[in-house]
Structure formats: C-alpha cells, structure tokens
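Engineer: I have a structure I would like to understand better, so I am pasting it below and will then ask my questions one at a time.
The values are calculated or read from the model by the stated rules, or taken from the named source; none is laboratory data. Everything numeric here is computed off the predicted structure, so don't read it as measured data. Don't worry about glycine lacking a Cβ; one is built from the backbone with ideal geometry, like all the others, and counts go over all protein chains shown. Protein only, heavy atoms only, side chains kept; ligands, DNA and RNA dropped before computing areas. Shrake-Rupley method; radii C 1.70, N 1.55, O 1.52, S 1.80 Å.
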Amino acid sequence: MTDPITATTALTITLLGTGTPLPDADRAGPATLIEGGGQSFLVDAGRGVLMRLTAAGVQAANLTAVLVTHLHSDHITDLGDLITAVWIGTFEPTPLNIVGPPGIAAVVEAILASLGSDICYRMAHHDDLPERPMVSVTEVTNGPVPLPGPVRVSCAPTDHRPADPSIGFRFDHEGAAVVTAGDTVPCAGLDGLCQGAQALVHTAIRKDVIAEIPIPRLLDVLDYHSSPEEAAQTAQRAAMDTLVLTHYMPAFPSGGGEDWRARAAEHFDGTIELGDDLHRVEVPAPE
C-alpha cells in the first residue's frame, strides 16, 4: 500500500510495471497508474498488472478506464485478467472501460471469445452472475477521450512503427498535466501532447548497451524506442518539471539506475524519476 496522497497533489503516477517483454522476476510488464480527482486510470496492462494494482491499493473494478498505447503483446497481455476480475469481483454489473488505438476493439472481442468457456462455466454455476462481462471499448487516435469525471484525458499519435497506430495520453487536473508516452521515438505528436504539462512518463531502452549485443531480434528494437537521452530531450523541449522513466531494457538491478539518470540529466534540467515497480511520483497543482 502506498502512502496517502498529499492535499496539494493534483495527479499521482505509480509505476506498476517497469519491465519489458523479457521475463523479469522483479518487474511486472508495462503498466502505469495515474490517479487524481478520485479517479484511477491504468495505462497499458502488461503481465502481473492485477497483482501490482492490488499492491497499490486499487481494485480493478474501481478503474475509470484502461488506456492502451498500442497493441504489442507485452502491453495488453493481462487485459483478460482485468476483464475477469471486474466481472466476478463485483456484485452489480460493472462495465470496464477500455480505450485504445484502432484495433483494440478486435483485440477485446478476441479476448472475450477466448474466455467463452470460462464465462459459460461461471454463469452456469453462480445464480448471482446472470450477465456476461460488461466491456465498453472506445477507439481513439487524436484529441479528447470521452470519459466522465474531473480528470480530462486526451491523446495524440506517437511513432512506434511498424506497431501502428500508437498513441500517448495526457491527463489534466487542477492545472496539472501528466503525459504517458508509451513506446515511441521522438515525434511531433508527443511533443504537442507535452506542451504545458508538468510530467512525462516515458519508456526507454539503453541503445548503447543493446547495440553491442549481436542478436538481430534485439537490434531490431533500436529503431522504434527512445533512449533515456531522447526521452529527456522530449521533456526538455516542452520545459517540463519531471521526467519519469520506465520499461527499462536491459533492466537495472533493484535500487539501481543511476547511470540511466545521469544519461538523461545531460539533456534535461528537471527532476528525473525512475525505480522499481510501485515507485510513485506526486505532481502538485500549480501554485
């Protein structure tokens, strides 16, 4: 359980999962929790996300929405677990809102189809479970995201080709704004999303390390991810206060990462945050 949010905090960032497609005993798959105004938003749903949500004190049924940046498997692998958890963990029909780029509706439809036998078993066994899982899916590419509540959510295209389309999200509340980039190289869409925001959550890989590994499948990741330096340059262009790095590849040991911070600090004047799963960053409302 994380510490209570302070009264001056407008938005809170929790790195639920800081890992990559490579299995890691200490890092869950990509997932970030954004909280503010009594709302909770999950950005991406990598492996182990439901466990990390529980550790952060948030129940899946209380999520305002699950926001998906793109359709790579490591970012969506536990969507089925979230759908099932909300369905069987509530006693009134509770919809799970899922937002993502074009293609997410087909993914969710396929997940529900894969759960078909389980859904039939549970409905046959539990008289108080008369309805199938309620899932609302919205596909977006650019502009405001139609969600209720005091936190305004918007999105813009990013560049993770050939994983296309991909999008980043922005959360505005009480004058503060947080941007979650997902996987991308520097691009105009992300730059626009960052303008006027205080914090950027950005995935990053150590290109200098990966470039020395003679494995084509690893070398291929160099051209569609940002390095810590590139993420820092994106934050610097927007004059942001805080850069939060995540999705570390290759991952540093628990408690480490100072070399990552040093590389980013060469290009960014603000605060640089990184760490293990459940690392939390508070974003205050402007004075």
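Engineer: Mind listing whichever residues of the range 225-240 are hydrophobic (A, V, I, L, M, F, W, C) and open to solvent by 50 Å² or more (accessible area, probe 1.4 Å)?
Structural biologist: The first filter runs over the range 225-240 and keeps only residues hydrophobic (A, V, I, L, M, F, W, C), leaving 231-232, 235, 238-240.
Once the filter is applied, which keeps residues that are hydrophobic (A, V, I, L, M, F, W, C) and open to solvent by 50 Å² or more (accessible area, probe 1.4 Å), the range 225-240 yields only A239.
Engineer: Here is a further query. Among the helices (runs of 4 or more DSSP H) lying completely within the range 22-113, list those that include at least 3 residues that are surrounded by fewer than 22 Cβ atoms within 10 Å (Cβ to Cβ).
Structural biologist: Values: elements: 49-55, 73-76, 79-88.
The qualifying helices (runs of 4 or more DSSP H) are 49-55, 79-88.
Engineer: Go through the range 165-200 and give me each residue that's assigned to a loop (DSSP other than H, G, I, E, B), surrounded by fewer than 20 Cβ atoms within 10 Å (Cβ to Cβ) and either without any contact (Cβ under 8 Å) to a residue 24 or more places away in the chain or on the phi > 0 side of the Ramachandran plot (or both).
Structural biologist: Scanning the range 165-200 gives E174, G175, G196.
Engineer: If you take the residues of the range 241-258 that are β-branched (V, I, T) and over 24 Å from L219 (Cα atoms), which of them is most open to solvent (accessible area, probe 1.4 Å)?
Structural biologist: Per the stated criteria, the residue is T242.
Engineer: If you don't mind, there's one more thing I want to ask. Being out of contact with any strand residue (DSSP E or B) (no Cβ under 9 Å at 6 or more places or on another chain) and surrounded by fewer than 20 Cβ atoms within 10 Å (Cβ to Cβ): is that true of T9 here? First the steps, then the outcome.
Structural biologist: Details: out of contact with any strand residue (DSSP E or B) (no Cβ under 9 Å at 6 or more places or on another chain): no; surrounded by fewer than 20 Cβ atoms within 10 Å (Cβ to Cβ): yes.
No.
Engineer: Can you pull out every residue in the range 124-147 that is open to solvent by 60 Å² or more (accessible area, probe 1.4 Å), at pLDDT below 95 and closer than 20 Å to I83 by Cβ?
Structural biologist: Scanning the range 124-147 gives A124, H125, H126, D128, P130, E131, R132, M134.
Engineer: Which residue is nearest to V140 (Cα to Cα), if the candidates are limited to the range 86-111 and must be at pLDDT below 95 and of a type in the set (S, T, N, Q)?
Structural biologist: Going through the qualifying residues, I end up with T94.
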